[in-house]
Amino acid sequence: MSGITNLTACETASAIAAGKLSAVDVAKAYLAAIERLEPAICAYNEVFADRAMDQARQIDAAISRGESVGPLAGVPVALKDNICTDFGRTTCSSKILANFHSPYSACVAEKLLAAGAVILGKTNLDEFAMGSSTENSATRTTRNPWDTSRVPGGSSGGSAAAVSAGLAAAAMGSDTGGSIRQPAGLCGVVGLKPTYGRVSRYGLVAYGSSLDQIGPITRDAADCALLLRAIAGHDSRDSTSLPADVPDYLAELETPLKNLRIGLPKEFFGQALDSEIRSAIDKAVGTYKSLGATAVEVSLPHSRIDVGPGGQLSSYAVACYYIVATAEASSNLARYDGAHYGHRTAGPVKDIIDMYSKSRAEGFGDEVKRRIMLGTYVLSSGYYDAYYLKAMKVRRLIKNDFDEAFKSCDALICPTSPTTAFKLGEKTADPIQMYLADIYTISLNLAGLPGVSIPAGLSASGLPIGMQLVGPVLSEGTLLRAARMFEKTSGTCNLMAKMVQS
Ligand code: GLN
């Protein structure tokens, strides 16, 4: 059975459509893999075994009746557990939503189901998507399938681990400051954060609403194109959704880009970068040049990374992000008060304020509380101008730098994260160290730009190295074609499945 879980989503979809595989056999193979490996990986909060089998049977029946089925018919997909489904629970890996059953499904869940995807389950995340290692989850500790003593990254760590361990053919993540790309990078898979507004946020539990995007985590760029095509597009239920046509990302994918101009942001290749990651990226740039691309140095001054005398890193982008994201989170998370939504304290309460306060104190974890307090502080009168307003100005400067850089190149290449997967527990005592894991990903969210992390090889100790391709607004098609050119030449497609399943 394990051969089936080694297939990419594209291979699975075409084998099912051609009658070479049944959707039921595919679902069974994934459920068997989950049974075998999930105790070691802990990627899922909930697995919909019966529902997945029912769906698979319906797809097989439709195919046997000669009906036309969707482009994802029978492909097992996992959803990050902050994407609402009107079946199962949507917990955000938080105690406060431990028993939340959403009355409706997110737009992406509807679109995936309409395309024929089989929803396998809901994956673990840092509570409310706040974190970079999935260790802030209140439900379980997800492990990196390449080395189970290490983190899978976060916050979409469950989705990235599931795809890389062959426990789902593809998965959905959400990315507010790096949460699709960073775990994809640390787990050796492909993760794409679309342009802000490209994919509807309807039914995504809000964290930082001006930053959040849903996107695919997959085995290769072709799967990423297949999934993005299925979930992208305008949705009137999300007022920030872009009214832009969805290109056929998959049809264009195999056409190599001619005269691709790559920009290398000089601020991202300083002292802060691990030497193995630097050399993997240098090699990748060499590969692109051999395929006819040219490389130019560009500058992103407001995203620069400073290294202090003790080696400590700092960046305007990280500082700016932790003001904007926490401000928005403090407002979005106000709804979990034990009355409208979520856990209500069982203890005696004096009045309604006491009920709110006890419910929230019991329901939220430490990191979420830290963010709510920070966000409330930066928005409070007297501090708003000094922090929030200043951050909004810095955000604009960060975006302007990208606009300037794209005058001389089509796409940027940069690291996804400063190191490969770190050890479980290594950064939990120091929130700033954890925040710095997103030093290369965060500025894209502030600027609303698309970015994809693809595998660029392995470190000497056998851990995946992620590389980021970044483009202007709505350049997902270009990024995926550039990703495809690289993965076909370097042989870094579908790395993980083979390792775990062999
Ligand atoms: N690590 C960042 C944070 O904790 C980004 C998380 C995300 O993209 N959801 O906020």
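Only the coordinates and a few stated rules stand behind these numbers; no lab work does. Computed from a predicted model, the values in this text were never measured in an experiment. A quick note on method: Cβ atoms are made from the backbone with ideal geometry, for glycine too, and the neighbour counts reach across all protein chains shown.
Details
- For Thr240, distant residues with modelled amide H under 5 Å away: none
- Here is the list for the range 376-431: chymotrypsin sites (Phe, Trp or Tyr not before Pro) lying in DSSP coil, each with at most 15 other C-beta atoms within 10 angstrom of its C-beta, are Tyr383.
- Inverse mean reciprocal Cα-Cα distance (Kirkwood Rh) of the range 71-163, Å: 13.4 Å
- Only beta bridges with both residues in the chain are counted; by DSSP, about 65 percent of them are antiparallel.
- Fraction in percent of alpha-carbon pairs per bin - 20 Å, the chain: 26, 59, 15, 0
- Once the trypsin sites (Lys or Arg not before Pro) in DSSP loops with at most 11 neighbouring Cβ atoms within 10 Å are cut out of the chain, the longest remaining piece is 66-257.
- For the range 167-306, radius of gyration divided by Kirkwood radius, i.e. Rg to Rh on alpha-carbons: 0.99
- Out-of-range pairs (alpha-carbon distance over 30 Å; input Lys266/Lys289; Lys111/Lys358; Lys289/Lys393; Lys122/Lys407; Lys193/Lys407): Lys111/Lys358; Lys289/Lys393; Lys122/Lys407
- Annotation for the range 49-123: chymotrypsin sites (Phe, Trp or Tyr not before Pro) lying in DSSP loop with at most 15 further Cβ atoms inside 10 Å of their Cβ are Phe87, Tyr104.
- Charged side chains reduced to their Cβ positions (Lys and Arg at +1, Asp and Glu at -1) give the chain a dipole of some 200 debye around its Cα centre.
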